[in-house]
Structures are given as structure tokens and as C-alpha cells.
1. Please specify each residue of segment 193-215 satisfying the condition of being open to solvent by less than 30 Å² (accessible area, probe 1.4 Å) and either closer than 16 Å to I253 by Cβ or assigned to a helix (DSSP H, G or I) (or both).
2. What tally of residues in segment 229-251 results from selecting those that are acidic (D, E) and at pLDDT below 95?
3. Does segment 263-287 hold any residues that are assigned to a helix (DSSP H, G or I), crowded, with 18+ Cβ neighbours inside 10 Å and either under 23 Å from the mean Cα position of the chain (by Cα) or modelled with pLDDT under 95 (or both), and which are they?
4. State yes or no: is A177 assigned to a helix (DSSP H, G or I), in contact with a Ser or Thr (Cβ under 8 Å, 6 or more places away or on another chain) and either more than 24 Å from T229 (Cβ to Cβ) or open to solvent by less than 40 Å² (accessible area, probe 1.4 Å) (or both)?
5. Which of the residues that make up segment 332-354 are touching a strand residue (DSSP E or B) at 6+ places or on another chain (Cβ under 6 Å) and within 20 Å of E262 (Cβ to Cβ)?
6. Is there a residue in segment 265-280 that is touching an Asp or Glu at 6+ places or on another chain (Cβ under 6 Å) and touching a residue at least 24 places away in the same chain (Cβ under 8 Å)?
7. Starting from residues that are of a type in the set (A, V, I, L, M) and open to solvent by 60 Å² or more (accessible area, probe 1.4 Å), keep the ones in segment 125-174 and report whichever is nearest to A109 (Cα to Cα).
8. Only residues that are of a type in the set (A, V, I, L, M) and more than 19 Å from T259 (Cα to Cα): list them for segment 294-316, please.
Amino acid sequence: MSGESSTQMQVDKPPKLDVDAYLSTALSTAPVELHAFIESFRNLHRRKLWHQLTQSVSDFFDHPLSKPYRVDVFERFVREFEIRINQLSLVQMGTKVSKEFDDPVAHLAFLTSLLSRIDKTTSAEAYILLLSTLAHAKLLYGDLQGTRTDMDEAGKILDDLDGVDTSVNAAYYSVAADYYKASAKAEYAPYYKHSLLFLACIDIATDLTPEDRLQRAHDLGISAFLGDTIYNFGELLMHPILDSLDNTPHEWIKKLLFTFNEGNIGKFESLAPLFPKEAILQENYPFLRQKICLMALIESVFKRPADDRTMSFQAIAHETRLPVDEVEHLVMKALSLKLIRGTLDQVDEKAQITWVQPRVLSRLQVDQLADRLTAWCDKLNKVEHFVSQTTPELFANA
């Protein structure tokens, strides 16, 4: 077992391996801490216990001292029995081993060779995981077109599967999110969607480093602000990833997210002086200003009773801090984005709102909703009391 083979590999089927000779050599060259693994390899291989052997090799790859030997063990030893083991487990080991390559050509050749040995019909999950990993490698080396091609193929296969292993979903959503982040076009909404789906497939406490968590929370915040179809931050606001921003220079981004969700223009204006810290926010200030006005409109409608949602342009102008002559455009924008439903009366300068997009509520908004429910119950009780007094016969048998 050689520790110098991490940059060399055989793409074609290698000669049949003398397993006993290979493992004997491995015992004489590997650190003593790895000897127990190698002995188990010999025992399990002789007994043809493929599942247990897969687990033992996987544990070996997890051991930090195995790092110099991973590629050699995978390309020579695992290759000898790879068709006998679960193909998803094989690919999971392969993706782990692929991280040992520093040379882009060797890295891509390793993944491409392994992909050619996976049947995408009978081992669809393994194929998606490996294809997504290959797409990520291409993205790392700047091949955006190659990334998109592989990503699209993986996505099409994934759409037709049910009950997929979370590692497979995670690999696909991870490369999709990173692709949209790296894209020349500003694709904030697709990044936001796929990044949240990626987080839903992993344990952020163990699968991401603190630095990764901070970066992901930062990027999600920026994409939420700048996504032209994102007006509901609920899933992000409830996700523990946002806690990564606490006590960091980016903590104000978390505050700004809640400010948008509340449609609080006053808080928005108080945080605006911090925008130069994120040049892209400063550059898009007009869009952000319109977005907070839309959120303020939604909030103002939400606070009103269901039977009092006809608002004058003047009232909307007051809530959104806009000139009256800009209100009609704002309401039309909200209607086109399907944030609200209703009608406009341009003659009387009124908007009748019949529906508001559901969203996650802050504690203050929940308290306000509770007050409204209490008022509604009181009103209902008064009606019941009035009816019982005026027509007691209706309650005679109650």
C-alpha cells in the first residue's frame, strides 16, 4: 500500500489484485494505528462479508492517519470487489477519497472513471451523488457549462425518484446552490431556494464548520434581500443557521431580515447607514427601498380587520412613506407579484385588498393577531347575547 499514489491512478480496469500480498505489504508499511483495519480487511474479504467489509473500509477512510493511503486503497483494494457492494456506499467512499487529489486533471479523471462504472438505471442514487460531486469539482475549476450540464442531468433523474437518501439530495442541492452563486447573472432566488433545501438535508452543527455556517447565513441573507421574487423570509427566519450571525460583524444582516419581515420602514432607515459594508446592497438601494415599501404595505393590510381592508392611497402613502402619486404603482407591483389580491379604484384613489400572502409572524405580530382574535370572540359573544335576548326560543333547547 503506497502513500505516494494519490496523484496517480489507472482509469482502465487494473490487473487482478493479489489481496493477501497487498494487505501483507500494507501491514508492513502502514502505521500501527491502522493495523486493526487491515486485519479486518483480510478476514472479511476471505469470508466474503461484503457489507461488513464496506463498513470497515469506510471507517478506515474516516481515520485521519489513513489520508496518505486512501486513493491507493480505493483504486486497488476496493476496486477488486466494488461490483459486489452497495453502489451508493461505493460512491460515498469514492467522493470522500476524491478530496485527496490536488491536481484538477487527476481529480476529474478519478470521478469520471468511477462514474463510468456506475449504472444510472439500477443505481440511480449512486449515479446522482457522483454526478453532483463531479459537477461540484468542475465548478471548483471554473467549468460553469460543464457544471450546468451535469447538474441538469442529475436533477432530471432526481425528480423521478422517491425516498432518496439525504446524502444524495444534499449533494445535488449543494452544487445547485453554489452554481447559482457563481453564475455571472445574479440568480438570488434559485440560490436561496437550493441553499435552504441543502440545509434541510444536513446537520449544520456537524456537517458545516463555523466558517461555513457564517458564510451560508450571510449569503442567504443577501439573496433574500436581492431576490426579486422573495418576499417571504419565513423559512430562513426560523432556521438555526441565522444564529451563526450573532456576535459577528454581520449581525446587522439578521436584524435587517426581521425588519423586512415586519415591513418596518423606520428600522430599515436606521439600518441603511450600514449598507456600505455590503457594496451590493448599497448598489441596489432603490430596489431594497421598494421591497421594504411592499413589505410595509403587506403589514399594514395584515393589521387591519378582514372587513376593513379598503385603503385610500393617502393611507397607503402614510404607511409606506411614499408620495401619493407613487402608491398606485406600488399596489400594482404587489398585485403582479401575487403578494396581495384585490382591486384598484383609480378615480376614488382607493385599493380594496381581499387577500394577503401568508408569512411567518414575529412575536409582536403574533400578539397583534391574538388581540384581534380576542376582539373577534368578544364581538361574537355580544352577537350571541343579543340574539338570545331578542329570540330566546332559539336557545330554549340549547
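1. H194, S195, L196, F198, L199, I204, listed by residue number.
2. Residues flagged as acidic (D, E) and at pLDDT below 95 within segment 229-251 amount to 1.
3. Within segment 263-287, L281 is the sole residue that qualifies.
4. Against the criterion (assigned to a helix (DSSP H, G or I), in contact with a Ser or Thr (Cβ under 8 Å, 6 or more places away or on another chain) and either more than 24 Å from T229 (Cβ to Cβ) or open to solvent by less than 40 Å² (accessible area, probe 1.4 Å) (or both)), A177 qualifies.
5. Result: A334, I340, I353.
6. In the first step, residues of segment 265-280 are kept if they are touching an Asp or Glu at 6+ places or on another chain (Cβ under 6 Å); the result is none.
Checking segment 265-280: not a single residue is touching an Asp or Glu at 6+ places or on another chain (Cβ under 6 Å) and touching a residue at least 24 places away in the same chain (Cβ under 8 Å).
7. Among them, the one singled out is L140.
8. As a first pass, look at segment 294-316 and keep what is of a type in the set (A, V, I, L, M): 294-298, 301, 306, 311, 315-316.
The answer is A306, M311, A315.
The values are calculated or read from the model by the stated rules, or taken from the named source; none is laboratory data. Here the structure is a predicted model, which is why all the values come from computation and not from measurement. For neighbour counting, all protein chains shown are included, and Cβ atoms are generated from backbone atoms with ideal geometry for every residue, glycine included. Side chains are part of the model used for accessible areas, which takes the heavy atoms of the whole protein and leaves out ligands, DNA and RNA. Shrake-Rupley method; radii C 1.70, N 1.55, O 1.52, S 1.80 Å.
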